[in-house]
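Data block below; observations after.
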Amino acid sequence: MALNGLNAEQLQAALAPIGHNLIIASAGTGKTSTIVGRITHLLRSGVEPNRILLLTFTNKAAGEMIARLERYFPKDVVSKIEAGTFHAVGYRWLKAKNANVILKQPNELKTLFKSIYEKYNFSSANTDVSPFSALYLYDLYSLYQNASLELFEDWFLESYPDHQPFINLYLAVIDGFESEKISYGFVSFNDLLLRTIDEVKTNPMDFYEILVDEYQDTNTLQSSLVDAMNPNSLFCVGDYDQSIYAFNGANIENISTFSTRYKGASVFTLATNYRSTASILSLANRVIEHNPRIYPKQLKVGKEGKDLSPRLLAYHELFEQYHAIAHSIKTSHIPSNDIAVIFRNNSSADGVEAMLRELGIPCKRKGGSSFFDAREVKFLLDFLSLIANQKDIMAFLHIFEYGRGVGAATAKEFYQALVHFGDGSFKRGLYAPIKTDIPKTTSHLTQAGLFGDEELTPTNQKSLLASHPIGRHPKATPENMEFFSSYLELMKSLYDEKNPAKMVRKIVASKLYSTIVDQLSTARARAKNGEVDSSNKTQASERIYQKAKLFLELSSHYKELIRFLNAMILGGNELTQGDGVNLLTVHASKGLEFTEVYVVDLMEGRFPNTKLMSRGGDLDEERRLFYVAVTRAKEKLYLSMASYDKNKKIDFKPSCFLYEARMLKGEEMKETKEK
């Protein structure tokens, strides 16, 4: 049976008396086995399966536990256990009660919310403060539903007292939104839980025991639902030291106050780790003990085999670090699927991903956008692709999507017109048009291919665009012709250039690229109330140019454009999907394990991330993130840092976690402790 395979700690927890039980399941200590063992014990003790409720944070986790139980009990018995996420279970219950429930996605509900918001005149409020936009107000209301049991007005004004003049209007919008949802039967994910709470208060659920997985990640609303169901017994499994979702509404007090909220509660600790070596666990213990010890514990080693000490990889320059890690992975005998690079910031992953791609090493990125998916990088690739292959109409369309008033249809007509002007050659039509008449239709134009283009030279005139027939196109406007002129000017400067790095340098320094940067940085700095924060725009612009510099660094290793594009584009999908090295944010790595792990950019400001700490986080949570990252490693753990960023001209100090881990020694260790 499932109980036979449990160690003494797990078995004690699985056989816990009926009541309120909290199981502190540290990383790699077998929490899933313990939960399966607990349900096994309940079933063997005569508890009816339909009186057992298993709540998880993914339906996959629930499915895996149910599948394990089917090894020991008939499927018709196990199928009666109620299992799934909070939302999935709530939805099933409400539908079973024939409730008028039509689940809607956030984007759909935001549209409804906005339609109500726009009926109100916010300018009537006597204040210099700008009202929140409809979408921002929606997000705040959603956060409130997850995080608080008090009145919205009280919760809201505590954080935004300067919006007091708008509070009645905000409340009117919210009331109207709730009324419309009820009339149509629409519910949000939060509504599912709220409606379920109301339902169980009216019609109590007769569950003998409720089991909650990943209890440290529950929010106030989910905790309230569990309390409303008032089961005979509660079995919650989680780890205070792995609570890393505060930004998403998780309430760490649910687990930290368990013993005080439930009088007579029992707390069990699973401390034997079967995942990592003794050296890795020792490092994790040394760091996490700097956090308050709500539930004292010390991870113990349950893994047998060779014990390799964690290594510190220290480099002078940031890019040198990424380059070295990629080469280390290339020479590793560990299968790429079993290697992970874990990062705190997306910018950290860009360099590693770029270096892996250059070396032809497959990788897949989770928890952040791929470097090569960034629009500023795609623009550079499209621009170079069109130079290498004049028939690449898609590259042209992607470039001209940034032109004001140029949609895909217009861009296609411009491209086909240029082919027409060149008598079948896009390049000739761009630089030295043969035909000047505007084609009556562009839908059937074909290219005869490139011929004699190597003999072409750009027309020499003060205003290249002034005499270019594209200016007489019916879709030409001053705005899109200004963009076309910048494009033509840049293409002219690149006419005789063959070196990829020199091409990239000219593109990045061009007026055209500055236009792209301005558009992208403005969009990324636009707040939900519609305002553009100048400081955020500057930072967004800096990040864009940082990616461009990384792209330039990649191109510098090639002498031929085609070879560079082959490395960057051809096979690109294969390098970022399916098998390959795992590039993961710390949050995305949770629950996973790998033989070889690199935790990168362990410098003050980057990990711990001081910027996010200033926005409501704290050092304790950053330390929990570090703890989660290092405990993903089974055998090999590399902690990596750099001292200098040559692009930003920034010096770095080692992360305080490296001193706490005793990977570094010195006066700064003393300073870290004093903090």
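The values are calculated or read from the model by the stated rules, or taken from the named source; none is laboratory data. Bear in mind that the values here come from a model prediction, so they are computed numbers and not experimental data. When we count neighbours, we look across all protein chains shown, and the Cβ atoms used for this are built from the backbone with ideal geometry, even at glycine. What goes into the accessible areas is simple: the full protein's heavy atoms, side chains included, and nothing from ligands, DNA or RNA. Shrake-Rupley method; radii C 1.70, N 1.55, O 1.52, S 1.80 Å.
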(message) Pairs please, first residue from segment 659-671 and modelled with pLDDT of 50 or more, second anywhere and part of a loop (DSSP other than H, G, I, E, B), Cβ atoms under 8 Å, 6+ apart in sequence or on different chains.
(response) TYR659/LYS665; TYR659/GLY666; GLU660/HIS290; ALA661/PRO310; MET663/PRO310
(message) One residue is enough: does segment 148-157 have a residue meeting the conditions among the aromatic types (Phe, Trp, Tyr), surrounded by 12 or more Cβ atoms within 10 Å (Cβ to Cβ) and in contact (Cβ under 8 Å) with a residue 24 or more places away in the chain?
(response) no
(message) Residues that are more than 23 Å from LEU397 (Cβ to Cβ) and either at pLDDT 85 or above or touching a strand residue (DSSP E or B) at 6+ places or on another chain (Cβ under 6 Å) (or both): list the helices (runs of 4 or more DSSP H) wholly contained in segment 438-544 that include at least 2 such residues.
(response) 500-508
(request) Please specify each residue of segment 261-277 satisfying the condition of being open to solvent by 40 Å² or more (accessible area, probe 1.4 Å) and farther than 19 Å from GLN10 by Cβ. (result) ARG261, LYS263, GLY264
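Conditions (1) modelled with pLDDT of 95 or more; (2) of a type in the set (Val, Ile, Thr); (3) farther than 24 Å from LYS590 by Cβ, marked per residue:
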{"residue": "LEU6", "(1), (2), (3)": "no, no, no"}
{"residue": "LEU15", "(1), (2), (3)": "yes, no, yes"}
{"residue": "ASN21", "(1), (2), (3)": "yes, no, no"}
{"residue": "ALA25", "(1), (2), (3)": "no, no, no"}
{"residue": "GLY30", "(1), (2), (3)": "no, no, no"}
{"residue": "ILE35", "(1), (2), (3)": "yes, yes, no"}
{"residue": "HIS41", "(1), (2), (3)": "yes, no, yes"}
{"residue": "PHE57", "(1), (2), (3)": "no, no, no"}
{"residue": "ALA62", "(1), (2), (3)": "no, no, no"}
(message) Among the listed residues LEU43, LEU55, LEU69, LEU103, identify the single one that is touching a strand residue (DSSP E or B) at 6+ places or on another chain (Cβ under 7 Å) and under 23 Å from LEU270 (Cα atoms).
(response) LEU55
(request) Quick one: SER347 ticks every box in (1) open to solvent by 20 Å² or more (accessible area, probe 1.4 Å); (2) in contact (Cβ under 8 Å) with a residue 60 or more places away in the chain; (3) over 23 Å from LEU313 (Cβ atoms) except a single one, so which number is it? (result) (3)
(message) Any residue that is in a helix (DSSP H, G or I), out of contact with any strand residue (DSSP E or B) (no Cβ under 6 Å at 6 or more places or on another chain), open to solvent by 70 Å² or more (accessible area, probe 1.4 Å) and not charged (D, E, K, R) - is there at least one of those in segment 313-327?
(response) yes
(message) For segment 251-260, check the following and say yes or no: at least one residue is more than 19 Å from ASN21 (Cβ to Cβ), of a type in the set (Asp, Glu) and open to solvent by 60 Å² or more (accessible area, probe 1.4 Å).
(response) no
(message) Scan segment 97-120 and tell me whether some residue there is touching a Pro at 6+ places or on another chain (Cβ under 8 Å) and either loosely packed, with under 12 Cβ neighbours inside 10 Å or in contact (Cβ under 8 Å) with a residue 40 or more places away in the chain (or both).
(response) no
(message) Pairs needed: first member in segment 68-87, within 24 Å of GLY30 (Cβ to Cβ) and open to solvent by 50 Å² or more (accessible area, probe 1.4 Å); second member anywhere, at pLDDT below 95 and not in a helix (DSSP H, G or I); C-beta distance under 8 Å; at least 6 residues apart or different chains.
(response) TYR72/MET1
(request) Name the single residue, out of those in segment 177-230 being outside any helix (DSSP H, G or I) and aliphatic (A, V, I, L, M), that is surrounded by the most Cβ atoms within 10 Å (Cβ to Cβ). (result) LEU211
(request) Give the residues of segment 379-415 that are in contact with an Asp or Glu (Cβ under 7 Å, 6 or more places away or on another chain), in contact (Cβ under 8 Å) with a residue 40 or more places away in the chain and farther than 17 Å from SER510 by Cα, sorted by residue number. (result) SER385, ARG404, GLY405
(message) Going by what's in this entry, would ASN4 be described as of a type in the set (S, T, N, Q), outside any loop (DSSP other than H, G, I, E, B) and surrounded by fewer than 18 Cβ atoms within 10 Å (Cβ to Cβ)?
(response) yes
